[in-house]
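The values are calculated or read from the model by the stated rules, or taken from the named source; none is laboratory data. Small disclaimer: the values here were computed from a predicted structure and weren't measured. For neighbour counting, all protein chains shown are included, and Cβ atoms are generated from backbone atoms with ideal geometry for every residue, glycine included.
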Amino acid sequence: MIFKGKDKDDNTFRDKVLLENLYHSIPSAIAITTPSGVVTMINSEFTKLFGYTMEEASGRLLNELVVPDDYMEEATRIDLLSSENMNKVRQTIRKDNKGNRIYISLVARGIFINNELVANLAIYSDISAERKKQLLQEILFNISTAAIKQYDLKEIYPTIVSEINKIWDTNNFFIALYNKDEDKLSLPFFADEKDSFADIPTEKTITGYVIKQNKSVLLKENDLKILEEEGEIDLIGTPCKVWMGVPLRVEGSIIGVMCLQDYNDENKFLMDDVYVLDFIANQVALSIQRRMMLDNLIIARQKAEEAAQSKQLFMSTMSHEIRTPLNEVIGITNLLMQGQPREDQMDFIKTLKFSGNHLLTLVNDVLDYNKMESGKIVFEQTQFNLSDFLEEIMRSYSFRSKAKNLSFDLNKDQFLPVEVIGDPIRLNQILSNLLSNALKFTNQGGIHVVVRELSRNGNQAKVEFTVTDTGIGIPKEMHTAIFDGFTQASADTTRQYGGTGLGLAICKKLIELQGGTIFIESEPGKGSSFRFAITLGVSEKSSLGQKAEIPENFTGLEGKRILIAEDNKINFFVANKFLTGWGVKVTHAENGQLALEKVRSENFDLILMDLQMPVMDGIEASRIIRESNDPMIKSIPIVALTAAIMSENHDKIESLHINDYVLKPFKPHDLFERILKHVR
Ligand code: ADP
């Protein structure tokens, strides 16, 4: 009883009782002090919140009772303001009689009578619950953000610890990850003031108990003792007063446990804390799961990329390996054709040559496709005569269409530029692919080719090519897929027509790499039309005259001295046969080194130089020749023999000033023309 009155009819007495009741039933902690801060009165809520009875508190400085050391400065400031009668709510931290910190809201004000400060009033409300809720939101957000941002799972742990530290003291905190197969615990994060553990077997640990029970636990010292007596756990390390552990669950199974313990106060954690930790654990588990999924995806992607690379490497190596003997087969076939075979033999040789060439196209396709996939393709910019180029293509395909009884015609726009700059080999490759398909998939009617200029911009002409046939056509749903590598319009295409499904994929890539697009219009049973446009440079200069006129009977090389630098015996054999047939005096060198020796001791009118040779390759040998001090040696015409389309070695060859090149397996006509053009 703090207010005293004379009797119950006394109004003042009644007011005092009323006030006293109000004072004790208000759900806030109230303290009244003298102007200098000595406690004179507290209400029962104050006792509940801070743990002091009226007897314990009375006569002591309020700040000493409830203000933690690190908040003393702030508390003094509040006292000063309240003595000036400022009525303001503040959110801050105070401590109870055991030193536990409590989040409170505080109203502090001075009480004045006749302008004189007679007392201070402090009203506290416990806001720990709201603060916790707010903190929890913050913590969950920060943990999930860290999990998304961090590349390495390990790097999330420090964030988890510092976030949890906002609610509880994490001096004794760990995360254990559970390996179900080995029944072991690993401790990716472990902080403890007393103990330290590395990886441990799950059995008989308190963590193992959480996993076995599959539920969150709050165990006091006594509970732990009972569990030990029952044989559920073996207590290792320093005994603690309270142990709180919650499982980390991913898709229903436990991947680990998160745990907090305290060595001093068994009331440090309450059941409420377990719920909160559980909530955080859910978020942590989700984050770990997301991270693991991401890691797995990254690993899967790396594996896929490695597999694709090794596939590419395998295909390139195999194709290169196949190409060498194939060149030999085709070379020998060419030789046989030259040797006036009997008519029945000629048929066999032609078939042999056709199959050889077909196989070579396939191998080159695979190589080309791989090269394009890995982005290793360079386009040449050479001048060529577009009319001649088209005539040449038409000539070879009209022959083949006649054999199938198909019509074949070319419609050339009269405004087409004659001399153009571009990559004739690649353009030939695109058109040949489209024309071969048209021929392959058409059995009646014919093939129609249209070439026209779409636009001209200075010396750049956009030229459109259309190849139309009246063949079997392609269903609409396959119009996109046929441009993918190794895809054909129907499952039995290979059986019926052969092919690998690479041709159109290569065409598309070649066109796109030159800035164009390929379009298709096709209907089953009616035919197909493929259309694309590429930009070509327009040249004023004529390329005519650059080409050597080839005499009908291969004359003009008689008595010339030519060095063939070639390591492959059969390739040499074939080239030698042709050259000696044309009256050339041939010398052979098996590698670049030997070729250099020959060049220094004899005079040659031209060198046919294989680019890939052991000991010293043709590129290196050519470089040394071109750097020679002897003008006779320095200026020897060099024609490279190469199995690859030039773009592979394009840069090197440009800088070497090799005069020309012939692709292996060489066509006799082609070889003759190149030699005649450059020979001394
Ligand atoms: P390949 O001819 O080696 O099978 P392509 O990539 O050149 O490979 O063609 C892919 C598929 O597209 C062919 O297998 C065929 O089913 C279809 N196709 C291509 N051109 C034509 C055409 N002119 N007429 C009908 N079908 C075609």
On the basis of being of a type in the set (D, E), under 19 Å from Q514 (Cβ atoms) and more than 16 Å from the ligand (Cβ to nearest atom), does D409 make the cut? no
When segment 643-676 is checked residue by residue, the ones that are surrounded by fewer than 17 Cβ atoms within 10 Å (Cβ to Cβ), farther than 19 Å from P424 by Cα and at pLDDT 80 or above are none
Screening I226, I175, I167, I211 for residues that are assigned to a helix (DSSP H, G or I), within 30 Å of N142 (Cα to Cα) and aliphatic (A, V, I, L, M) leaves only I211
Result of the Cβ filter at 9 Å on segment 631-643, keeping first residues that are closer than 24 Å to I330 by Cα and partners that are aromatic (F, W, Y), at least 6 apart or interchain, is V639/Y661; A640/Y661; L641/Y661; L641/F666; T642/Y661
Checked against (1) within 21 Å of Q381 (Cβ to Cβ); (2) at pLDDT below 80, A640 satisfies every condition except (2)
(Q) Tell me yes or no: at least one residue of segment 289-304 is out of contact with any strand residue (DSSP E or B) (no Cβ under 6 Å at 6 or more places or on another chain) and either within 20 Å of I570 (Cβ to Cβ) or of a type in the set (S, T, Y) (or both). (A) no
Note on segment 229-257: residues assigned to a strand (DSSP E or B), hydrophobic (A, V, I, L, M, F, W, C) and touching a Leu at 6+ places or on another chain (Cβ under 6 Å) are W243, M244, V246, I255
**Study point:** Test for A308: is it surrounded by fewer than 18 Cβ atoms within 10 Å (Cβ to Cβ) and part of a helix (DSSP H, G or I)
**Key:** yes
Would a scan of segment 109-123 turn up a residue that is on the phi > 0 side of the Ramachandran plot, assigned by TED's automatic domain parsing to the domain that holds Y23 and not small (G, A, S)? yes
If we keep only residues of segment 471-491 that are within 9 Å of the ligand (Cβ to nearest atom) and part of a helix (DSSP H, G or I), then the residue farthest from G516 (Cα to Cα) is M478
**Prompt:** Within segment 503-514, can one find any residue that is in contact (Cβ under 8 Å) with a residue 24 or more places away in the chain, closer than 24 Å to T361 by Cβ, under 38 Å from the mean Cα position of the chain (by Cα) and more than 16 Å from the ligand (Cβ to nearest atom)?
**Reply:** yes
A careful count of residues in segment 46-75 that are surrounded by 14 or more Cβ atoms within 10 Å (Cβ to Cβ) and farther than 16 Å from I93 by Cα gives 7
At pLDDT 90 or above, part of a helix (DSSP H, G or I) and under 30 Å from N457 (Cα atoms) - does that describe any residue in segment 512-519? yes
Note on I93: of the conditions (1) in the same structural domain as N43 (by TED's automatic domain parsing); (2) under 20 Å from R249 (Cβ atoms), unmet is (2)
Looking across segment 385-421 at residues that are closer than 19 Å to N433 by Cβ and touching a residue at least 60 places away in the same chain (Cβ under 8 Å), the single one that is surrounded by the most Cβ atoms within 10 Å (Cβ to Cβ) is L386
Those residues of segment 453-470 that are away from the ligand (no atom under 16 Å from the Cβ), touching a residue at least 40 places away in the same chain (Cβ under 8 Å) and assigned to a strand (DSSP E or B) come to a total of 8
Within segment 571-594, of all residues that are touching a Ser or Thr at 6+ places or on another chain (Cβ under 9 Å) and assigned to a helix (DSSP H, G or I), the one farthest from P665 (Cα to Cα) is G592
Just one listed residue, out of K560, K585, K577, is surrounded by 16 or more Cβ atoms within 10 Å (Cβ to Cβ), basic (K, R), at pLDDT 90 or above and away from the ligand (no atom under 16 Å from the Cβ), and it is K560
task: With the condition kept exactly as written, say whether any residue in segment 448-464 is surrounded by 18 or more Cβ atoms within 10 Å (Cβ to Cβ), aliphatic (A, V, I, L, M) and touching a Cys at 6+ places or on another chain (Cβ under 6 Å).
output: no
The condition of being in contact with a helix residue (DSSP H, G or I) (Cβ under 8 Å, 6 or more places away or on another chain), among the hydroxyl-bearing types (S, T, Y) and in the same structural domain as I211 (by TED's automatic domain parsing) holds, among S287, S253, only for S287
